[in-house]
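Step one of this worksheet: look at the structure below.
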Amino acid sequence: MTLTERLRRLDVTTVIMWIIGGLLLFFIVLGSIQSILKGTYTPAQWFDFFVFGISQGSIYALIALGYTMVYGILKMINFAHGEVFMMGALTTYFLADEMNRRGVFDDKGALGPTLLSTLFGLIVLFAVAIFISMTVAVLLERVAYRPLRGAPRLVPLITAIGASFFLQYTARGLYGSNNRSYPNVDLLKGTVTFGQFSIQVVQIVVAVTAIAMMIGLYLFVQRTKTGKAILAVAEDKQAAALMGIDVDRTIVITFALGGAMAGVAAILYAIMFRQAHFFMGFIPGIKAFTAAVLGGIGNIPGAMLGGLFLGIFESLGPTLFLDGLGINSPNQLKDVIAFTMLVLILIFRPTGIIGERLSEKKA
Amino acid sequence: MRQRAQGKSPLRRAIDVGLIGSIPALLLALVGMVDAFSNRYLLEESVSTGQVMLAVVALIVGYLAARRISLPAQTVATKIGYGAVAGLMVGLVLALLLFIGEVVGINLRKVLVNASPALYEILAFNQAPAVGMLLLALMGTLLGALGGALFVMPARLRSAIITGITVIILLALLRDIVKLVFQQYEPTTALYRFLFTPNGGLTKIGLLLAFLLPAAADYVWSAGRPTLDRRYHALPDGTQKSVRWVGLAVAFILLLLFPTIFGRFPSEAMNNVILLGIMMGLGLNIVVGFAGMLDLGYVGFFAIGAYTMALLTSPQVGGGMNFWTALPFSLLASMIAGIILGIPVLKMRGDYLAIVTLGFGEIIRVLVLSDALRPWFYGAPGITGVPAPNVGGMLLNNPETLYYLLIAVMGLTLFISLRLRDSRLGRAWMAVREDEDVAEAMGINLVVTKLMAFATGATMAGLGGAIFAAKLGSIVPQTFNLLISVNALAVIIIGGMGSVPGVVVGALLLIGLPEVLREFAEYRLWVYGALLVAMMLFKPEGFWPDEGHRRELTEHDPEETPQAPGPADPPLPPGTVRDRAAVARADIRATHTEDEAGLDE
């Protein structure tokens, strides 16, 4: 194809999009250079942002897994997945608070040595949150999505939006609208220092737990029979049914797994940000969705990478890109960065960072 | 799942239906709705709307149990019995809540904030807990049986009874409006005293009348309607037309007299219905209903319209224009925003589109709220001093006069919507909605068509926003949250996607009712969420559907529904409503597949 021919085929909208994209890129680079040259922040501070980004991103990634798995199998966005996460965090709060009062998380050590009792306490919290989120996710599938399988696209999407609001306000009605503050776990308070860099213990715990869960899930899906059933149903429902796979059951399992990951994310979020309220699922939900799209929706390792990438981008972004341009209080614009990124990815690379494998299969 | 259900005895199934049905009842009680409505009395000072809510659940559960379980051959008593058993279960579950909270004395309130002593009192009918529990079981059984009886009785009688019950509940819910209207004139005030107690509940006679009159009217109407219909259609065409015109004229005159008849407070409510419900709904209806693109960032355009208006007119920020000169700029700004948003999302599919537009709406709010753009948009405190719209020399600064402006604008948007729907562009939108690829193959320019939908919808939202700013006199960024988009979405879903009259119905229900129900404010989104799910599950075409769209939404694509290996659906008793619906759907499905097969050859 000659150059002139290619130019002729270009339509106006594409040109406009490339111009907007180019402008944004220009400002990002300009802002970054200026921020770094200005030297307001020390390397240790940049490192802090980076580490914070990783632990925040690993929470996004855990939630993103729920979106991506459900999308892979049903080709629909489970809009209410953020609320599954919220339900886990908010319901478990009451247990955490009760445990805290009995000294499970501090050196009063009601259950023997602090380490043991904290470990026990956290494991119970994880178990309860996983159970709650899983239940909500499975109920959601059973009540709201299963009857609509095969309906036109818009229908389950609207149902999901409705379910999202219903769950949010159910939580508000049941547990009240105040902001609940999670207990401060003694053992997670300190920092680890390497030379001039230091990392908070809680951030290490969050990132390690999340990454371990993700690897576990990946292995589960790749190695076990149930996991392979999920992959098969995602590939072709009818063929899977003919091979003797119970499609309904597999879909329920997918929702349950996504719910479990959201439950883990809920507790990680709770120990990192130490708060829970009925609206907490909305923004992380959209961010996690962005992460899923970023990694290529339907793709499990993609969701993990996407989450980490988004977390780092969001944590570094405001200071790196905007501060240098002389914009006031850039941190208020954190969400704008994430959303803009979502829009840009969907326009320029809808298959996500590592989406080729998926698109080849599905196209 | 279904196999197991078939193996159960009918009694077990009735119990199951009752237990599932008790979940909504429990939720209603525990999210605090029952308590919130406990001051709205239905009958004197004894029965509150909070209790009625639970009663309606039991009634519906009884009806559904009878419908799902009973076989046509069974006796009437058995059918009612199933209803009673299911209703009893609802009563028992609520009694259990009472038992745990009051008798055992576990403080549920630590976790469930609304499990308060007040709630227990309502549940126990203000009696001792033990008596209350017995009463709950008894009432549950009675209401369940009544629900079962509703299923058994002839359709005409059922419809009459349901109408009567609805009217009573509406009277209780709308007591403030009812009171206001009645007390405007001398003779009606006397009537009001006769029918209502001072706290707004009906007297015993009032209750009886409020039930019997509408019920009787419904009964007579359903008897006489076929004859009336026949007579009407037998009239010559010209006469039919003039009858319709007379009807429209009467409706129009009533609409114009609304502020005079009802006064200030209802006018204000009506203004919000028109502005936030009808106008926003009509605009979103073009994007979602006609063109089939789910736009959740609709509030963004509303905000742009409002901010443009405020920035140009408010003397506080150096505006100084008047409403009418600023209005075109508002419309233009939101239209351009619509196109700008439209371009990047042109190639996106439904669900991506929803999230991206949602993100767009949030971006606008966050930007306006941010300190970075404070010099231009004045940040969190917003802008005050926006002048009211003026007509000639008169400022429309009270609800009664503003009402006329809104009616005029509403008429205009309704007219535009209807004309667009029937235009070439409208048909192109619907073609794109049904199938993009086919539409493109038929020569529809997707880019132009979709952008036109976005631009038109955005302009209508901008119009709404501009009037909103002028109406309130001040705007704060926090107003422009997702809630406004969801409101508009719920309105068009209830009315029926793509249906213009449906938008009006939906707006009256979803915006009008909460306007006059103060207690409802807190539960608004809870109910909207539940409604969206319930509508999609049971009535995806809405309450006032657009003919063409109805079939598309109820018809399931046979290719995308893999039948899990298992036994075929058990035969339903012939003649039940569900059965007929299923047959109709199967018919549609059959013709659909035939068509496709024909295409393949």
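For the reader, a short list of remarks on this structure follows.
- Take every Cα pair under 8 Å whose residues are at least 6 apart in sequence, average their separation, divide by the length of the range A:236-313, and the relative contact order is 15 percent.
- Extending 7 Å from Cα along the Cβ direction at A:I20 and again at B:L212 yields two label points whose distance is 6.6 nm.
- Inter-probe distance in nm under a simple model that places probes 7 Å from Cα toward Cβ, at B:A73 and B:S474: 7.4 nm
- Exposure proxy for A:H81, B:H233: other Cβ atoms within 10 Å of each Cβ, ordered fewest to most, give B:H233, A:H81.
- The label-point distance for A:K189 and B:V391, in a model that sets each label 7 Å from Cα toward Cβ, rounds to 6.8 nm.
- Residues listed by number, the range B:74-114, amide nitrogen under 14 Å from B:S46 label point at 7 Å toward C-beta: none
- Kirkwood-type hydrodynamic radius, the range A:13-362: 21.3 Å, calculated from all non-identical alpha-carbon pairs.
- Three-way shape label, the range A:232-363, alpha-carbon gyration tensor, a/c 1.5: oblate
- Percentage, to the nearest whole number, of Cα pairs in the range A:1-152 over 23 Å apart: 67 percent
- Formal net charge of residues neighbouring B:F301 (Cβ-Cβ distance under 13 Å; K, R +1; D, E -1): 0
- Burial ordering of B:D351, A:D335, fewest other beta-carbon atoms within 10 Å first: A:D335, B:D351
- As a rough footprinting exposure proxy, the listed residues A:Y145, A:Y60 were ranked by other beta carbons within 10 Å of their own, and the order from fewest upward is A:Y145, A:Y60.
- Calculated FRET value between B:S116 and B:R518, using beta carbons and R₀ = 25 Å, to 0.05: 0.80
- Overall form of the range B:263-480 per C-alpha gyration tensor (a/c, 1.5; a/b vs b/c): oblate
- Efficiency of FRET from Cβ geometry, A:V124 and B:L96, R₀ 30 Å, rounded to 0.05: 0.65
- Prolate/oblate/rounded label for the range B:7-232 (Cα gyration tensor, a/c 1.5): oblate
- Proximal charge balance of B:A160 [Cβ under 14 Å; K/R count +1, D/E count -1]: +2
- All other residues whose Cβ lies under 15 angstrom from that of B:L94 are scored, Lys and Arg at +1 and Asp and Glu at -1, for a net of -3.
- Relative contact order (percent, whole number), chain B, Cα cutoff 8 Å, 6+ residue spacing: 14 percent
- Relative contact order for the range B:28-158, counting Cα pairs under 8 Å that sit 6 or more residues apart, in percent: 35 percent
- Ratio Rg/Rh, restricted to chain B and using Cα atoms, in which Rh is the Kirkwood radius: 0.99
Laboratory data are not the source of any read-out in this text; all were calculated from the coordinates shown. Given the structure is predicted, the values throughout are model-derived calculations rather than measurements. Please note: Cβ atoms are built from the backbone with ideal geometry, for glycine as well, and neighbour counts cover all protein chains shown.
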